[in-house]
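Undergrad: The structure is given below, and queries will be raised subsequently.
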Amino acid sequence: MSVVLSRFACVRRQGSALVAEGPDGAAVRLDDPRAALLLAALVTPRPLEEAAAEAGLDPAQAQEIAEPLTAAGVVVAAERGDREDLSPWTAPERLVHARSRRWRPAGASGSPPEALAASPWEPTIALERPDLDALERDDPPLARVQAARRSIREHGRDPLSARALGEFLYRVARVDDLWEAAPGLELATRPFPGAGALYELELYPLVAAAEGIAPGLYHYAADHHRLARVREADAETDAIRTGAAAAMGVAALPQVVVLVAGRLPRLSWKYGALSYSLMLKDVGVLFQTMYLVATAMGLAGCAVGTGDAELFAAATGLDPDEQASVGEFCLGQPSSASTASTAIRSPS
């Protein structure tokens with residue numbers, strides 16, 4: 001019978017060991033260096049004995065090495081390999097999917113990082129806090145907001161006001177309370193649900209046209225409801241806006257791009273391999289909250305499907321292992337020509 005290396009197999013270093021991982025997350029430690037030679041010989045379908053000869057192994061040795069690899073799905077029958085070649089999944093997608101569907105507590109480690117991200121930037125721009133009671137009176141019913149929600153990609157000539165940006169950020173991501181839930185574990189509640197109530201997402205508004213706020217990249221200090229300037233507008237921030245416009249398929253650059261960064265360590269100490277999947281789910285929940293708030297406020301909102309994590313890291317100077325961009329949401333005053341949404345509240 002012919003066998004082949006699975007298209008979804010992953011070979012990597014784990015500590016000082018070489019590990020081969022199958023498409024369902026099962027891993028095999030390759031203690032015998034010749035195992036790597038055997039895998040290299042199986043990049044094309046062939047009988048195991050033939051691959052063994054190429055790797056310098058006798059059939060019995062090859063069979064001993066191949067048994068756990070076959071059980072883990074690293075090595076598969078040639079017929080299964082043919083089916084894998086037709087799969088719409090990529091190898092990284094399949095591996096992340098497999099590793100993030102079950103909680104493996106053994107993969108969690110370390111202690112919980114602080115609830116709020118440590119910031120090297122001083123919050124200096126105070127934003128107006130909206131009156132939630134007034135919003136409750138003025139907002140349209142949820143059913144109308146849901147029906148009116150649209151992705152609006154083009155912005156008008158009038159800039160967004162600082163008041164409107166502040167209201168949007170407050171309604172979407174403010175910190176309502178901060179407390180120590182257990183020794184060493186801080187929690188900070190926000191308006192949207194988050195995995196384990198850990199709230200690992202941080203917002204970085206990239207402002208181009210907001211009355212009363214100088215153009216540049218800012219960090220939203222959600223506990224103080226203030227903005228801290230990360231950097232002035234420059235070629236790198238312009239590149240982020242250009243990328244967002246291209247992703248939306250429009251020529252005009254957005255007035256504001258809200259960059260969403262995820263603090264994976266905030267989740268991984270508890271959830272291990274499940275963490276990245278949970279973070280992306282949190283981004284989806286946050287996007288829905290952003291859409292509903294923008295619609296209720298009569299603003300143009302649009303989630304962006306792609307982004308540049310390397311450009312975000314360069315613009316902020318943050319370590320991607322600590323904070324990495326995981327989403328973008330464009331916000332602005334809707335253009336008069338936009339017919340995708342009916343304003344249900346006059347934007348301020």
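Undergrad: Would you mind getting the Kirkwood hydrodynamic radius of the range 97-166 from its Cα pairs, rounded to one decimal in Å?
TA: Working: mean 1/r = 0.0547 Å⁻¹.
Evaluated on the range 97-166, it is 18.3 Å.
Undergrad: Right, next: Using +1 on the beta carbon of Lys and Arg, -1 on that of Asp and Glu, and nothing else charged, what's the dipole of the chain about the Cα centre, debye to 20? Could the numbers behind the result be given before it?
TA: Details: 33 positive and 45 negative charges, 169 e Å.
It works out to roughly 820 debye.
Undergrad: Same structure again: Output the direction-averaged projected area (hull surface divided by four) of the convex hull of the alpha-carbon atoms of the chain, in nm². Numbers along the way, then the final one.
TA: Details: hull surface 84.3 nm².
Taking a quarter of the hull surface, the average projection is 21.1 nm².
Undergrad: On a 0 to 90° scale, report how tilted helix 162-173 is relative to the longest principal axis of the chain, with both axes built from alpha carbons and the result rounded to the nearest 10.
TA: Approximately 40 degrees, to the nearest ten.
Undergrad: Can you tell which of A251, L274, A261 lies farthest toward the positive end of the dipole of the chain, using +1 and -1 charges on the Cβ of basic and acidic side chains (Lys, Arg; Asp, Glu)?
TA: A251
Undergrad: Further question on the same structure: When N counts the residues of the range 2-101, how does its alpha-carbon radius of gyration compare numerically with 2.2 N^0.38 Å, as a ratio?
TA: Numbers: Rg = 13.0 Å, N = 100, 2.2 N^0.38 = 12.7 Å.
So the Cα radius of gyration is 1.03 times the expected 2.2 N^0.38 Å.
Undergrad: What distance in nm lies between label points placed 7 Å from Cα along the C-beta direction at E136 and Q63?
TA: 7.5 nm
Undergrad: So if I restrict to the alpha-carbon atoms in the range 125-332, what is the Rg, and what is Dmax, the biggest pairwise distance, in Å?
TA: For the range 125-332, the Cα radius of gyration and maximum Cα-Cα distance read 16.5, 51 Å.
Undergrad: What GluC sites (Glu not before Pro) in the range 117-169 are in a loop by DSSP, with at most 10 other Cβ atoms within 10 Å of the Cβ?
TA: Details: sites: E128, E136, E154, E167; in loops: E128, E154.
Passing sites in the range 117-169 do not exist.
Undergrad: Which FRET efficiency, nearest 0.05, do R34 and S111 yield, Cβ-Cβ r, R0 41 Å?
TA: In this case the efficiency is close to 0.50.
Quick note: the coordinates plus some simple rules give every number you see, no bench work behind them. Given the structure is predicted, the values throughout are model-derived calculations rather than measurements. Glycine also receives a Cβ, built like all others from the backbone with ideal geometry; neighbour counts cover every protein chain displayed.
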